[in-house]
Amino acid sequence: MAAAAAAVEQSAEQFRGQARLPGFAAPRRYDLRLAPDLDGCAFAGSVDVSVDVTAPTRFLVLNAAELEVAPGGVQFKPLGAEQELHPAEVTNVPEDEILIIRFNEVLPVGEGTLVIAFKGTLNDKMHGFYRSVYELNGEKKNMAVTQFEPADARRCFPCWDEPSFKAIFKITVEVPSETVALSNMPVVEEKVNGPIKAVYFQETPIMSTYLVAVIVGVFDYVEAFTTDGTRVRVYTQVGKSAQGKFALEVAVKTLVLFKEYFAVPYPLPKMDMIAIPDFASGAMENYGLVTYRETALLFDEKHSAAANKQRVAVVVAHELAHQWFGNLVTMEWWTHLWLNEGFATWVSYLAADNFFPEWNVWTQFLEESTTGFKLDALAGSHPIEVDVNHVDEIDEIFDAISYRKGAAVIRMLQSYLGAETFQKSLAAYIEKFAYSNAKTEDLWAALEEGSGEPVKTLMHSWTKQQGYPVVNVKLKDGKLEMEQTQFLSSGAEGVGQWVVPITLCCCSYSRQEKFLFNGKQEDFNLSGLVECQKKDDFWIKLNVNQTGFYRVSYDEELASRLRYAIEANKLSAADRYGVLDDTYALCMAGKQKLVSLLHLIAAYKDETEYTVLARVIDTSLSIVEMVAVAAPEGLGKLKKFLIDFLEPFAQRIGWDAKSGEGHLDALLRGTLLTALAELGHEATINEAVRRFNIFVEDRETPLLPPDVRKVAYVALMQTVNKSNRAGYESLLKIYKETDLSQEKVRILGSLASCPDPDVVRDTLDFMLSPEVRNQDSIFLLRGVGAAGHEVAWTWLKEKWDYISDTFSGTLLTYFVSTTVSPLRTDEMGDDAEEFFKSRTKANIARTVRQSIERVRINAKWVESTRAEANLGNVMVY
């Protein structure tokens, strides 16, 4: 009686402004019918939802956004009742993206069916149910595509659009007869009625709304089967199916590997993967129908670079990992997003290493860690587990914390527990939570049970608080004195404290020590390593092979011994990377001198590993950008120092691939020569332009293969200025003529590297033209060179109204972060603060704060460099 009385007291107001939907009703099954009008860019539909009412209520509250729902098209029929109940009122609340359905009667506890008819627009925003443009026989056509993660299923049909409301989906679509309709499950029947056909799909297993997918268009495909009979297809635009073969091979092997690793078979009868011309993110793991942007799925043997091949392999493995970790076992709420993304990022490298051991992907994985380190060293970072109080906040946590730091922390834990124990515990977790939802604590409990280690205690400090420690190390009287503090790029002191899994080795990797450091300070007795200390070539390295998510700051003596160990090739590639990455971060934070960093860079003169040398190059280019502001009079000398350092590597590897070369040589060649072009190395630029001119006349020339094409494009743009635009026009011509997405992206990523501000501005305007798909704008923005940062900021302010209306989600945050973050003066930081003061909405608020903080950090580094007494002599090494 009390519950019924409470139901009578309910009002629509109590459901407004809430982070989550009320729990008094939950969906069990959706019977969804959709009829997209591809030419009219609209759709109509209806949904019958089997609802379990768990408490008396006069209301049903679910999500809907940008849908037209007529009150007369809504009804509810309790199970066993003869009459449908019609609502007294249907209220659409756009700001909360909910539909409030009020009945005069109290709905009985138990099952019932909610029927809703609706209409919507096939939008051009790349989320919800949207249109993507493709070419078929020279004619532009629309395809219909869904992108529902994180919270956009509600833009296609009214639903309980939260991960914990799992249900079964029976999907039917009415589409033009000549098109192909795809969904999560196989087609069970097609009924053709003249120009329209009805396509009926098999019921899905229980799943979350964000994983539902429907795609309609005209496609080619390639097909293969796994050893246990799962059909795998890669769908492409007509004429591009051959470019899907590499991804198909990787997908088949990945499904087999993950079946063994997770000890659970792939749950669906088929796996389709499809390349979408307009796609906002890299890919989306829809259950049984994974969508990708073309650059992340297609590989052309003649025109794709080695970097493209690696990206396809890693992204395919990432998305297929989600079929278990995310789709079969789903996070309970977006707070636990990192469980999906961090894990899939980590395990994608495990798969790539299994299939392509010669790629050394675990060394390359350190680049993921570095990206996580950079974001998490901001005061404006966030914990891995982040409270989400409004749907607008979700997009911003699809970031380097959830993906990169999440993956690095999982790698740290796997390293601590041991690979076999970790894998068995993971399999037990998936078996226990299959077809349901889980929280971070559920994973810790499974790993704790399987390992006997205090996993929850260890990991709590890594997921519940933001940031990470730097461990300061001194050697005194045969003891290592260690102190941990929170590392912040600003140089400020943070308050965090962690349980740090310390690993260390001394003079060799044959003897290693490991222990948990959970205090503020601790001394470690090196008595067991006393023999090592007597050696002339004595060195100590903490965080062995960089498996821990923390930085290390060594005293001057230990740091100089590590420099020697690098020169003498005593350290592993991962540790050589780590010493440099930590030193660079400490220098930027004002904890070490620039002269020390340059001295360290010189120690890498005989480096052989691609990932390490790429880190040296990235660090060097970052120093150049900073010195250009801090001490422009020293810029020429610095560039000469770096060119002299890099030139011997370039001479060894050359422009042309040699017999027996591998994947990493191809990656290095492109990275190295591009850096020399950006530094203004005349010989590199001249040779690049010579080869480009031949390429313009003969697109099949062996002189400009895909791995060095971007080198030529960047070098060419170094020769372009307002009065000499020939190179720019040549590149635009190639851009317009190619239909290969990877080639278009290579060109976009080169255009704005031009040192002439007027040309940079023209390239930014070109980016907003119909010639460039909205999804690809990020590549041009990332390519803006040092000379273009202030121009780009001025341009962004002028175009902001258009940009904020046209772009949304992660694409909009990219505009902010890539344009604001590189600025290097406090005046610019003040300008950005003032500009965004009246323009910041919830969907960009975190990104704006982080970007302005980066400007302050850059400015502080500039000032601390200016203050170095011997700056004029910095480049003597």
**Request:** Show the residues, 5+ positions off or on another chain, whose built amide H is closer than 5 Å to the amide H of residue 63.
**Result:** 99, 159, 160, 161
**Request:** Pull up all non-local amide H partners of residue 553: gap of 5 or more, or a different chain, and H-to-H distance under 5 Å with H placed in the peptide plane.
**Result:** 471, 472, 473
**Message:** Using +1 at the C-beta of Lys and Arg and -1 at the C-beta of Asp and Glu, which of 472, 499, 519 has the Cα lying farthest in the positive direction of the dipole of the stretch 467-572?
**Reply:** 499
**Asked** With charges set only on the Cβ (+1 for Lys and Arg, -1 for Asp and Glu), what does the dipole of the stretch 1-217 come to about its Cα centre, in debye to the nearest 20?
**Response** 180 debye
**Item:** Cα gyration tensor of the stretch 755-877 - equivalent ellipsoid semi-axes, whole Å, descending
**Value:** 28, 18, 11
**Item:** √(5λ) per eigenvalue of the Cα gyration tensor, the stretch 534-575, largest first, Å
**Value:** 18, 13, 8
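Taking the Cα centre as origin and putting +1 on Lys and Arg beta-carbons and -1 on Asp and Glu beta-carbons, what dipole magnitude results for the chain, to the nearest 20 debye?
My answer is approximately 1060 debye.
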**Fill in**
The size of the Cβ-based charge dipole (Lys, Arg +1; Asp, Glu -1) of the stretch 219-466 about the Cα centre, to the nearest 20 debye, is 540 debye
**Asked** Using θ = phi - 60° and the Karplus curve 6.51 cos²θ - 1.76 cosθ + 1.60, what whole-Hz ³J(HN,Hα) does each residue of the stretch 555-567 get, with Gly and Pro shown as x?
**Response** 5, 4, 5, 5, 5, 5, 5, 5, 4, 4, 4, 5, 4
**Fill in**
In whole percent, the fraction of accessible protein surface over the stretch 467-572 that belongs to carbon or sulfur atoms, probe radius 1.4 Å, stands at 43 percent
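What does the accessible area per residue of the chain come to in Å², with a 1.4 Å probe and no ligands, DNA or RNA counted? Numbers along the way, then the final one.
Numbers: 32890 Å² over 877 residues.
So the chain comes to 38 Å² accessible per residue, rounded to a whole number.
If Rh is defined by the Kirkwood formula over all Cα pairs and Rg also comes from Cα, what ratio Rg/Rh do you get for the stretch 656-755?
Radius of gyration relative to Kirkwood radius: 0.95.
Over the chain, calculate the relative contact order: mean separation of alpha carbon pairs under 8 Å at least 6 apart, over the residue count, as a percent.
8 percent
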**Fill in**
Answer check: the stretch 219-466, Cα atoms, Kirkwood Rh, Rg/Rh ratio of 0.96
**Asked** In whole Å, what are the Cα extents of the stretch 1-217 along the three principal axes, biggest one first?
**Response** 67, 35, 29
**Complete:** Residues meeting the amide H criterion for residue 329 (H placed from the backbone, H to H distance under 5 Å, 5 or more places apart or on another chain) are 435
**Item:** Separation between Cα centres of the stretch 328-399 and the stretch 23-86, rounded to whole Å
**Value:** 35 Å
**Request:** Return the sequence-ordered ³J(HN,Hα) values of the stretch 785-802 in whole Hz as given by the Karplus equation 6.51 cos²θ - 1.76 cosθ + 1.60 applied to θ = phi - 60°, using x for Gly and Pro.
**Result:** x, 4, 6, x, 5, 5, 4, 5, 5, 4, 4, 4, 4, 5, 9, 4, 4, 5
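Could you tell me what percent of the accessible area of the stretch 574-622 is made up of carbon and sulfur, with a 1.4 Å probe and every protein chain present?
The value for the stretch 574-622 is 49 percent carbon and sulfur by accessible area.
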**Request:** Run the accessible area of the stretch 349-392 with a 1.4 Å probe and give the carbon-and-sulfur part as a rounded percent.
**Result:** 45 percent
**Request:** Go through 409, 552, 63 and say which Cα lies farthest out towards the positive end of the charge dipole of the chain; charges sit on Cβ, +1 for Lys and Arg, -1 for Asp and Glu.
**Result:** 552
**Message:** Largest first and in whole Å, what are the equivalent-ellipsoid semi-axes of the stretch 573-875 based on the Cα gyration tensor, each being the root of 5 times an eigenvalue?
**Reply:** 29, 28, 17
**Request:** Please list, or write none, the lysines whose alpha carbon is within less than 28 Å of the alpha carbon of residue 197, excluding same-chain residues fewer than 8 places away.
**Result:** 119, 125, 140, 141, 170, 240, 270
**Prompt:** Between the stretch 264-317 and the stretch 646-708, what's the alpha-carbon centroid distance in Å?
**Reply:** 28 Å
**With all protein chains modelled, accessible area of residue 600 [1.4 Å, Å²]** = 10 Å²
**Fill in**
Protection proxy (average C-beta count within 10 Å per residue), highest first, orders 665-677, 512-524 as 665-677, 512-524
**Asked** Relative contact order for the stretch 573-875: what is it in percent, counting Cα pairs under 8 Å that are at least 6 residues apart?
**Response** 17 percent
**Message:** Among 463, 649, 750, which residue has its Cα furthest toward the positive end of the charge dipole of the chain, with +1 on Lys/Arg Cβ and -1 on Asp/Glu Cβ?
**Reply:** 649
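The values are calculated or read from the model by the stated rules, or taken from the named source; none is laboratory data. Given the structure is predicted, the values throughout are model-derived calculations rather than measurements. Heads up, the Cβs are rebuilt from the backbone with ideal geometry, glycines too, and the neighbour counts pull from every protein chain shown. Please note that ligands, DNA and RNA were not included when accessible areas were found on the heavy atoms of the full protein model with its side chains. Shrake-Rupley method; radii C 1.70, N 1.55, O 1.52, S 1.80 Å.
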